[in-house]
Amino acid sequence: MEFSFFHASCSSQVGNGLSTLFWKDRWIDGKCIEDMAPSLYSLIRPKAILSRTVASSLAMAVWVSDIRGGLSLIAIGQFLRLWERLSLMPPLSQEGDSCVCCSSVQAPMAALKLHDPDCWHRRPLDAGVQDC
C-alpha cells in the first residue's frame, strides 16, 4: 500500500533513459503507459514490462516488438497516439535519469530510507529528490 502511494506520487525525469522502465515507470508527462494506453499495455510481454528501459525501447523503436497478440481497434488507436507522442520527445541526454516526487512523500521517504521497487531501486536516495 505504501509503495502504491509512493509510485503514484513520483515520476521519472528521463535523461539518458538507462534507469527508467519504458512500460512501467511514470515518465511521459508524469504518467505510465499502462495509464495512457491500457489496452495496448495488456498485450506487452511481462518480461519486457519489468526490464525494457526507455533507452533500449526508443532505439530503433524496439518497444514495438514487445507487443504480442492481436490488436483491437482501441489498442491500435492507443498505439498510434503513443507512437505520435514518442516522436515528439526530445532526444535522450547524457545525464542520468532522476525521480521527481511530490513534496508530501519526500519527508517520509527520506526519514525511512525506503527504496520503492518501481522507482527508487534504480536510483540512490542520496542522489536527491526534486519537488513537483
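Some observations on this one:
- Extension gain from Leu71 to Ser87, taking 0.36 nm per residue of separation minus the Cα-Cα distance: 3.7 nm
- Highest-first arrangement of 70-83, 46-59, 18-31, where packing means the average Cβ count within 10 Å: 18-31, 46-59, 70-83
We did not get these values from a lab; they are worked out from the coordinates using the rules stated. None of these values were measured; they are calculated from a predicted model. Note: ideal-geometry Cβ built from the backbone for every residue, glycine included; neighbour counts use all protein chains shown.
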